Amino acid sequence: MKFNTQKTPKPAIIGTFPIHPEVIASLATKTAPTAPPIDIARAYADQIVLLGIARVPSTLRLAELSNEVAKSGISATQLRNLLSTNPERFVYHDRKWLPKARVIAAKAPVEELIRQTVLHFGAPMPIADLARELSLALGRPADRIEKNLGAMLRSDPNLFITVSGFAGLSEWLFVAGDVDEEMALFMNGVSRAELDAHSELAKLDYSDLDRAAKGALKTLPISPKIVGYFAWKQLNPSDPYAVMAYDPVALFDAMHRQTGVVFAADGKFHSSDECSSWLKKALKDAEKLAPPMEFEEAAPLEIGQAELDEFVAKILSSPNSVGASELLQSKYEISPADRTYAEDLASLTKALHQDERIWWVGGDRFRKPNSAPDFIQSIPEFFNYTESNFRDADGELIDALMSDDAFTSALRKEMSLPLAQDVLDEDPQPRQKKLPDEIRLVLKSHHREIGTFPLCQLPSGWLPDEPDIQEIVFRDPSGSRLFVWVNLQAGLLFNLLDWWFEQPVESGAVFTLKKTEYPSVYDFQWQDDPDPLVYIPSERMNELRDLAARAAELSNYEILIEVLAKHSKGADFITILSEANVVRRMTRRQVASILSGYHCFYQRSGSTVWHYDAKKVDQGFDRAKRKFVRQ
C-alpha cells in the first residue's frame with residue numbers, strides 16, 4: 001500500500017498514518033477528567049487470562065483455560081480469583097466466563113466489537129489472538145476474519161495495526177494533523193513539564209527508527225507519546241513543501257518490538273523485568289478480594305411443562321404484568337447475585353415468550369392477553385393543537401407560522417431540546433452511542449393533570465424498541481411500585497396519576513429514572529429542586545388559569561403578550577412555552593414565530609432572554625419577516 005508523504009491539509013496525513021478529522025476534533029475538545037489510578041499489575045494478569053480465553057474453544061469448563069494460563073504461572077484457583085474479582089474485564093454469561101467486550105458488543109457492528117476487544121485488553125494485542133477472539137464472538141472462521149482484520153483496523157481512526165502484527169489504540173500514539181505545536185500537545189495530553197523531563201530525546205536521530213527506539217527506551221518507564229512528540233518535531237518540519245516523514249505507528253512498532261520492554265496499561269513502556277512482580281501482586285490482591293467459598297459450575301435450569309404451566313397460571317391470575325425474574329426469585333430463589341441468573345432468566349423468558357396463553361409486554365414481563373386499559377391505546381384529545389384563525393384588519397393571520405429561516409440559530413437550538421418538545425410536537429432524536437443508566441426528567445403541568453409523560457424527553461432507545469405496548473415498573477426509594485404503561489407509537493407513558501399528584505410542584509418537578517438489574521424495572525426518585533426553566537409557582541399557575549378561562553377570544557399573540565408582560569426581567573423561550581401551554585396548547589413553532597415576528601418582542605444582544613415592549617405593540621408584525629410566513 002502506498003502512502004502520501006506530502007503535506008496536505010485535508011485529510012491530514014503524517015507519514016504512513018492518516019489522521020482522521022474526527023479524531024482531531026474530538027481530541028481538541030476533550031477535557032481531561034481526573035482518572036482513577038491504573039492498576040498496572042492487575043491489567044497485566046488480566047491480559048494473560050484474556051489471551052487464554054481467546055485460545056481455548058470454550059470456558060464452559062475451566063480446565064482448558066486453566067491449562068492455558070498455567071504456562072504463565074497462574075494456577076486454577078488463582079484463575080478463578082482473577083475471573084471473579086474484575087467485572088470490568090470478565091463476565092459470567094451463558095454458563096461461561098467471557099471477556100466483557102464480547103458480551104457488551106455482542107449485537108454491535110463488527111467494528112465496535114473490535115474496538116471494545118482491544119480497549120478492554122489494554123495493550124497491543126496479537127492479530128492472531130484478536131482474530132481468534134472475534135471468531136469465538138461471531139461464530140465465523142478465524143482465518144477468514146484475520147484476512148480482513150488489517151483493513152478494518154486501518155479504516156478505524158481509533159485503532160492501528162503494526163507491521164509486526166499487533167493491534168492497538170490510537171490514543172497511545174502522539175497523533176497530530178495540520179495543527180500548530182501547542183494544539184498538538186493539547187490534543188495528545190502532553191505537558192511541557194513531561195517534555196522537559198525527557199529533553200535528551202530531542203538528540204536522537206528519528207530517521208533510523210530502530211536506533212531511536214533503543215535510545216528512547218534507555219529511560220523507563222517512558223510514554224510513546226513523549227517520544228512521538230520529539231520524532232514529530234524532527235521529521236515533520238514546518239516547511240509546507242517538505243516531506244512529512246513522521247509515522248506514529250512505525251515508531252510505536254519499533255519500540256514495541258525491542259527486547260526487554262513491555263507496554264503496560266498506563267500507556268507507557270516498562271522493563272519486562274517488572275512482569276513477574278506485577279503478576280505476583282495481582283494474584284495476591286485477587287486472593288484477598290475473591291469470594292470466601294469456591295463456586296461450582298452450575299447446571300443450566302431446565303423449564304419443564306409442569307413448571308411452565310405453573311408460571312402461566314400465576315401470570316393469568318395477576319392484575320398486573322409479572323416478570324420472569326420475579327418467578328425465578330419466588331420458585332427457585334435465583335436472583336441477579338447468582339452466577340446462573342442471566343442464562344436462567346433468558347431461558348425462562350424464551351419459554352414464556354413462546355406460550356400463546358400469555359401476552360408479552362416487554363422485557364421479561366407477561367400478562368393476561370387483551371388486558372390493557374383502553375385509555376392507553378391512543379393519544380388523548382387533551383394534547384391536540386388547534387389551528388388559530390385570528391386575523392388582523394388587513395386580513396392577515398395574526399398567529400402565522402414561519403419557517404426555520406426566520407429564527408436565530410440559538411432559538412432553533414432551544415426548539416430542538418428534548419425539554420422543549422412534547423407529544424404531537426416532537427422531532428426524531430438520534431440514538432446516542434452510549435446510553436446513560438440514569439436520566440433526569442421534568443414533569444410539565446398538563447402531563448401532571450392526566451397522569452402521562454412524553455417519551456420525547458427520554459433518550460432514543462433508552463426503553464426497549466419493542467413491543468409497541470409495554471408495561472414497566474417504577475420503584476421508589478420506599479420500595480413502593482407503580483405499574484406504568486408505555487405506548488411507543490403514541491409516544492407516551494400512562495398510569496402515572498397517583499404519583500404525579502403526590503408531587504406539590506405543578507410544573508417543573510424533576511425526577512430521575514435509573515435502570516436496575518431487573519428488566520423493565522426502573523428506580524424512580526423525586527429531586528429536591530425543580531427545573532428553573534419549566535418551574536411555575538402556584539400563584540403564577542393560578543394567574544395562568546385565570547387567563548385560560550378568558551382566552552377563547554384571544555389570539556395566541558395576545559396570550560403571549562399577557563404571559564411575557566408579567567416577566568419584567570424577561571424570560572427564556574422554554575419558560576414562555578411552558579406558561580403558554582398552561583393557557584392553551586401551542587407548538588414550539590407557534591411560540592417561536594410570534595416571538596420572532598412581532599416588534600414588541602425582542603432580545604438584547606448576546607442574550608437568549610425574551611422581553612416585551614408595550615410601546616411597540618402598534619408596530620405589529622415585522623414586514624421583513626413576512627417572506628418567512630408559511631402559506
Right, Asp531: in contact with a Gly (Cβ under 9 Å, 6 or more places away or on another chain), of a type in the set (D, E, K, R) and either crowded, with 18+ Cβ neighbours inside 10 Å or in contact (Cβ under 8 Å) with a residue 60 or more places away in the chain (or both) or not? yes
For the range 78-94, the count of residues that are surrounded by 14 or more Cβ atoms within 10 Å (Cβ to Cβ), under 19 Å from Lys288 (Cα atoms) and of a type outside the set (A, V, I, L, M, F, W, C) equals 7
Of the residues in the range 594-608 that are under 34 Å from the mean Cα position of the chain (by Cα) and of a type in the set (Gly, Ala, Ser), the one that is nearest to Glu449 (Cα to Cα) is Ser607
Scanning the range 564-584 for residues that are of a type in the set (A, V, I, L, M, F, W, C) and either under 20 Å from Leu443 (Cβ atoms) or under 37 Å from the mean Cα position of the chain (by Cα) (or both) gives Ala571, Phe573, Ile574, Ile576, Leu577, Ala580, Val582, Val583
Screening Ile40, Ile14, Ile114 for residues that are surrounded by 16 or more Cβ atoms within 10 Å (Cβ to Cβ), touching a His at 6+ places or on another chain (Cβ under 9 Å) and either of a type outside the set (Ser, Thr, Tyr) or at pLDDT 75 or above (or both) leaves only Ile40
Filtering the range 198-224 for residues that are exposed (fewer than 14 other Cβ atoms within 10 Å of the Cβ) and within 38 Å of the chain's Cα centre (by Cα) leaves a count of 0
| said: Quick check on the range 218-236. Is at least one of its residues under 15 Å from Leu173 (Cβ atoms), charged (D, E, K, R), in contact with a strand residue (DSSP E or B) (Cβ under 9 Å, 6 or more places away or on another chain) and at pLDDT 95 or above? | reply: no
Next on the checklist: Take the conditions open to solvent by less than 10 Å² (accessible area, probe 1.4 Å) and outside any helix (DSSP H, G or I) and apply them to Ala167. Does it pass?
Outcome noted: yes
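For the range 274-333, list the helices (runs of 4 or more DSSP H) that sit wholly inside it and hold at least 1 residues that are modelled with pLDDT under 90 and farther than 22 Å from Asp344 by Cα; which are they?
On the way: elements: 275-289, 305-317, 324-332.
In the range 274-333, 275-289 are the helices (runs of 4 or more DSSP H) which contain 1 or more residues that are modelled with pLDDT under 90 and farther than 22 Å from Asp344 by Cα.
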Does any residue of the range 548-556 turn out to be under 30 Å from Ser388 (Cα atoms), of a type in the set (Lys, Arg) and without any contact (Cβ under 8 Å) to a residue 12 or more places away in the chain? yes
Quick check: anything in the range 135-147 in a helix (DSSP H, G or I) and either open to solvent by less than 10 Å² (accessible area, probe 1.4 Å) or under 28 Å from Ile38 (Cβ atoms) (or both)? yes
- Would the range 243-250 turn up any residue that is acidic (Asp, Glu) and over 15 Å from Leu173 (Cβ atoms)? no
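To keep it simple, each residue is scored yes or no on (1) within 20 Å of Gly122 (Cα to Cα); (2) surrounded by 19 or more Cβ atoms within 10 Å (Cβ to Cβ); (3) β-branched (Val, Ile, Thr).
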{"position": "Met152", "(1), (2), (3)": "yes, no, no"}
{"position": "Gly177", "(1), (2), (3)": "no, yes, no"}
{"position": "Asn188", "(1), (2), (3)": "yes, yes, no"}
{"position": "Glu194", "(1), (2), (3)": "no, no, no"}
{"position": "Gly228", "(1), (2), (3)": "yes, yes, no"}
{"position": "Leu235", "(1), (2), (3)": "no, yes, no"}
{"position": "Asp239", "(1), (2), (3)": "no, no, no"}
{"position": "Ala245", "(1), (2), (3)": "no, no, no"}
Filtering the range 252-273 down to residues that are open to solvent by less than 60 Å² (accessible area, probe 1.4 Å), on the phi < 0 side of the Ramachandran plot and either at pLDDT below 95 or part of a loop (DSSP other than H, G, I, E, B) (or both) yields Gln258, Ala264, Ala265, Asp266
- prompt: Has the range 561-581 got any residue that is touching a helix residue (DSSP H, G or I) at 6+ places or on another chain (Cβ under 7 Å), more than 25 Å from Asp618 (Cα to Cα) and either modelled with pLDDT of 95 or more or among the acidic types (Asp, Glu) (or both)?
  reply: yes
The residue that is modelled with the highest pLDDT, considering only those in the range 376-400 that are more than 15 Å from Ile559 (Cβ to Cβ) and of a type in the set (Phe, Trp, Tyr), is Phe383
| said: Condition first: assigned to a helix (DSSP H, G or I) and farther than 19 Å from Glu181 by Cα. Can you find one or more residues in the range 228-238 that meet it? | reply: no
For the structure I just gave you, tell me whether Ala123 is under 23 Å from Tyr44 (Cβ atoms) and surrounded by fewer than 18 Cβ atoms within 10 Å (Cβ to Cβ). no
Residue pairs within 8 Å by beta carbon, gap of at least six or interchain, first lying in the range 442-453 and under 16 Å from Arg584 (Cα atoms), second hydroxyl-bearing (Ser, Thr, Tyr) and open to solvent by 10 Å² or more (accessible area, probe 1.4 Å), listed first then second, are Lys444/Ser578; Ser445/Ser578
Restricting the range 80-97 to residues that are farther than 21 Å from Ile38 by Cα and either of a type in the set (D, E, K, R) or over 26 Å from the mean Cα position of the chain (by Cα) (or both), the one modelled with the highest pLDDT turns out to be Arg80
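The values are calculated or read from the model by the stated rules, or taken from the named source; none is laboratory data. Just so it is clear, the structure is predicted and the values come from calculations on it, not from any experiment. Positions of Cβ are backbone-derived with ideal geometry, glycine not excepted, and every protein chain shown enters the neighbour counts. Side chains included, ligands, DNA and RNA excluded: accessible areas come from the protein's heavy atoms. Shrake-Rupley method; radii C 1.70, N 1.55, O 1.52, S 1.80 Å.
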